[in-house]
Structures are given as structure tokens and as C-alpha cells.
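The values are calculated or read from the model by the stated rules, or taken from the named source; none is laboratory data. Everything numeric here is computed off the predicted structure, so don't read it as measured data. As a convention, Cβ positions derive from the backbone with ideal geometry for all residues, glycine included, and neighbour counts pool all protein chains shown. Heavy atoms of the whole protein, side chains included, go into the accessibility calculation; ligands, DNA and RNA do not. Shrake-Rupley method; radii C 1.70, N 1.55, O 1.52, S 1.80 Å.
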Amino acid sequence: MNDVAWMGRALALAEGGRYTAAPNPLVGCVLVHDGAVVGEGYHRRAGEGHAEVNALLEAGPRAGGVTAYVTLEPCAHHGRTPPCAEALIGAGVARVVAAMPDPNPLVAGKGLALLRAAGIDVECGLLADEAAALNPGFIKRMATGRPYVRVKMAQSLDGRSALADGESRWITGPAARADVQLWRARSQAIVTGIGTVLADDPQLTVRLPQVDCQPLRVVLDSGLSLPPTARLLREPGGTLVVTNSADTPQAVALTAAGAQIVTLPAGADSRIDLGALLDELARRQCNEVLVEAGPRLAGAFLAAGLVDELIVYIAPHLLGHDARPAFELPPVTRMDARLDLEPLDVLSFGPDLRLRLRPPARA
């Protein structure tokens with residue numbers, strides 16, 4: 001096997017932390033000596049051993065003289081665990097091949113420099129795009145101070161998200177709804193609006209056996225009309241209620257019911273400023289955020305240019321022109337003013353299709 005193949009193995013290992021490593025990035029490491037693996041590992045959970053340390057533990061005394069293939073630059077700072085660069089140096093590693101630099105300003109080249117200063121042969125950039133695809137949220141949060149935002153929507157073939165009276169269960173089938181669970185599981189926060197909660201009383205939880213922690217449930221509720229009896233307040237994990245004013249008796253009742261309440265400024269439309277919301281979620285170390293909301297909030301995220309990815313499930317049904325739209329957006333009066341989306345992939349889940357699309361980047 002060559003360098004590309006070994007790095008491919010490290011990338012596959014990194015996926016092992018998909019639902020547990022946040023807020024840390026997914027990282028995999030393979031230690032190779034004379035064409036054979038002597039140790040490998042991945043980062044499973046924040047506060048536990050990093051990928052390099054786990055691989056070194058597996059290799060033991062065989063780590064001397066190996067080539068280490070790691071999907072992200074080894075860290076050089078003391079956080080919850082000691083620096084991985086120092087661990088590699090101490091083990092006598094001869095060569096390090098990193099897929100990409102760490103975007104964390106606390107690392108940002110310092111790990112590679114530390115390895116080179118110790119006389120280790122260092123290369124960086126192999127399968128960098130594939131490595132970056134593992135951690136879009138971590139990379140964006142480190143670079144911009146905001147999380148990676150996905151908006152999920154289920155709709156009929158004629159672009160409707162619910163009947164005229166709001167009934168939407170179920171537009172898509174079981175296979176598509178099971179796929180949504182995976183997107184929830186990789187997210188650190190699920191954002192919805194008070195209208196959706198009042199209409200559907202959703203749980204907004206991950207119901208997968210391999211997931212032992214729940215994403216933060218975030219309800220945008222300017223008027224604090226969330227009932228303290230709402231189901232999402234009784235589910236495992238935390239619920240954050242975002243409002244413009246928390247100085248009300250209802251705030252006391254919601255806090256007693258287990259909600260956290262945060263006050264954020266209003267935007268130009270008197271609703272909660274969505275940019276300020278994302279800043280707050282980044283401060284809470286959310287890398288990836290999933291918006292599961294009605295057409296108004298979903299459209300507001302799109303119109304504000306805050307969406308990194310759209311996940312749209314299309315069911316082979318027709319609900320008619322009186323049904324509710326999938327997105328409420330400002331009117332388009334010219335074809336050259338339309339919002340063009342870049343398709344990323346199309347998959348089928350039972351009778352339903354899933355489209356992943358990327359909105360255009362804002363200048």
C-alpha cells in the first residue's frame with residue numbers, strides 16, 4: 001500500500017467518532033512500519049485520547065521509526081489532553097503525513113513546526129479535501145466563529161410542506177425519516193421555531209442506539225409562548241429557548257420546567273437576529289446545526305444567506321396549491337434574481353428522494 005491508501009484508512013477510522021467527538025474534530029491515525037500497521041486509532045470523545053495517542057498506545061514499543069498518517073495536524077497545545085505532537089516525538093516516530101493543517105488558532109501550524117524541529121520528516125496536504133469534508137462544522141467555526149448550518153425540509157413533489165391546516169405527518173416514508181435521525185445525530189443543535197412546536201409538539205431527539213447524547217434543542221420564541229408541558233422539555237438533553245425578552249412570568253415557568261433561556265437582539269424584522277443566534281451557538285461549541293422548521297424560519301435562514309447546505313426530501317405526492325409552501329422567500333421578479341443551488345448528491349430512500357444542495361456563497 002502507498003501513502004494515499006494509508007491515509008484513506010486513517011480517514012475511514014476518523015468516522016468512528018462521528019456521533020461522539022464533538023466539539024472536537026474527527027481525526028484518525030494509522031502507524032505503519034515496513035508496510036504493516038502497528039497501531040491505529042481515532043478520536044472518540046472530547047476529553048479522551050486523541051487519535052495519535054490511541055494509535056501509539058496500540059503500537060506500544062513498536063512505534064519507534066514508524067510513519068504516522070493522521071487526518072489533521074497533531075495538536076501542539078495543552079487542552080484537556082497533552083499535545084499529540086509531543087507524544088509522537090516521544091515515541092520516536094520517524095515520519096508524519098498529515099492530511100491538512102489544523103484550523104484551530106491554538107494549533108495552526110505549530111504542531112507541524114514542533115515535529116520538524118524534532119527532526120521528524122513532515123508532509124502535509126495528502127487527501128486534504130477528503131479530510132476537510134470530515135469536519136465542515138469544526139473548520140467553519142474555527143475560521144468564522146459560526147457553525148455549519150443545514151436546513152432540512154420534507155416536501156411533496158409540488159413543493160408543499162404541509163396541508164393548509166398545518167398537517168404534515170407524514171409527507172415522507174420511514175426510510176427518509178430514519179435518514180433524518182443520522183443528520184440529527186451529527187449535529188450539536190437542532191433549531192426550530194415556536195410555530196412548529198405549537199403545531200406538532202415534537203421531541204426533536206435522536207433515536208439511534210449508537211448515540212448516547214442528545215443535541216441541544218433550540219426553540220426561537222420571541223413571545224415566550226412555549227408551554228412548560230411541551231414534550232421537548234421532558235426529553236433527555238437540554239432545551240434552549242431563545243427570546244427577545246426573558247423578563248416575564250412565563251420565563252420563570254419555563255426555567256422551572258428545565259429550559260435554558262437566552263435573550264438575543266431582534267433583527268430588522270423584529271424577529272430574533274439569526275446571525276446573533278449562530279454566534280451564540282458557536283460560543284456553545286456547536287460545530288454543526290440542523291434547522292428543522294416551518295417555511296417561514298427555513299426561508300428566513302435562506303434569505304439571510306446563513307445556510308451552508310440544504311437537505312430536501314421529496315415525496316412522490318401532490319398536495320395541491322392550497323397546501324403550505326416549503327420555503328417562504330421574498331418574491332422574485334426577474335429570472336436572473338432567482339436563488340440558484342448547487343446539487344451535491346441525490347439519493348433515494350424508499351419511494352422518496354433526498355437532494356443535498358449548496359446555496360451560493362455570499363460575497
The chain: proportion of alpha-carbon pairs further apart than 34 angstrom, %:
35 percent
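Scan the range 39-101 for GluC sites (Glu not before Pro) in coil per DSSP, keeping those whose Cβ has at most 15 other Cβ atoms within 10 Å, and list them by number.
When the GluC sites (Glu not before Pro) of the range 39-101 are filtered for loop state and at most 15 Cβ neighbours within 10 Å, GLU48 remain.
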Rounded accessible area per residue of the range 257-363, 1.4 Å, Å²:
54 Å²
Below 8 Å between Cα atoms, with a sequence gap of 6+, how large is the relative contact order for the chain in percent?
15 percent
Looking only at the chain, where both bridge partners belong to it, what percent of the DSSP beta bridges are antiparallel (to the nearest 5)?
40 percent
Signed unit charges on C-beta, dipole axis of the range 217-363, positive-most listed residue GLN285, TYR313, ALA253
ALA253
Qualifying chymotrypsin sites (Phe, Trp or Tyr not before Pro) in the range 122-170, DSSP loop, other Cβ atoms within 10 Å at most 15:
TRP170
Per-residue counts of other Cβ atoms within 10 Å, averaged by peptide: what ranking do you get for 100-107, 209-216, highest first?
100-107, 209-216
Considering only protein heavy atoms and a probe of 1.4 Å, how much of the accessible area of the chain is carbon and sulfur, as a whole percent?
55 percent
In deg cm²/dmol, rounded to the nearest 500, the helical mean residue ellipticity at 222 nm of the chain, built from -39500 (n - 2.57) for every DSSP H run of length 4 or more, is -7500 deg cm²/dmol
Lys, Arg +1 and Asp, Glu -1 on Cβ, resulting dipole of the chain about Cα centre, debye, nearest 20:
380 debye
Longest principal axis of the chain (C-alpha) makes with the long axis of helix 274-283 (C-alpha) an angle, in degrees to the nearest 10, of 30 degrees
Just name one of MET100, GLY60, TRP6: the one whose Cα is farthest towards the positive end of the charge dipole of the range 3-138 (beta-carbon charges, Lys/Arg +1, Asp/Glu -1).
GLY60
Looking at the P(r) of the range 145-358, how many percent of alpha-carbon pairs lie beyond 20 Å?
59 percent
Dipole in debye (nearest 20) - the range 260-311, about Cα centre, beta carbon charges: Lys, Arg +1; Asp, Glu -1:
160 debye
Which of LEU127, LEU157, PHE138 sits closest to the plus end of the dipole of the range 59-181, meaning its Cα is farthest towards the positive end, when Lys and Arg get +1 and Asp and Glu get -1 on the C-beta?
PHE138
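Given a Förster distance of 25 Å, report the FRET efficiency between SER270 and ALA164 from their Cβ-Cβ distance, rounded to the nearest 0.05.
Computed FRET efficiency for SER270 and ALA164: 0.45.
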About the Cα centre of the range 3-138, how large is the charge dipole given +1 on each Lys and Arg Cβ and -1 on each Asp and Glu Cβ? Please answer in debye to the nearest 20.
300 debye
Convex hull projection area averaged over all views, the range 132-208, Cα basis, nm²:
6.7 nm²
For the range 249-350, which trypsin sites (Lys or Arg not before Pro) pass both filters: DSSP loop (anything but H, G, I, E, B) and at most 11 other C-beta atoms within 10 Å?
ARG334, ARG338
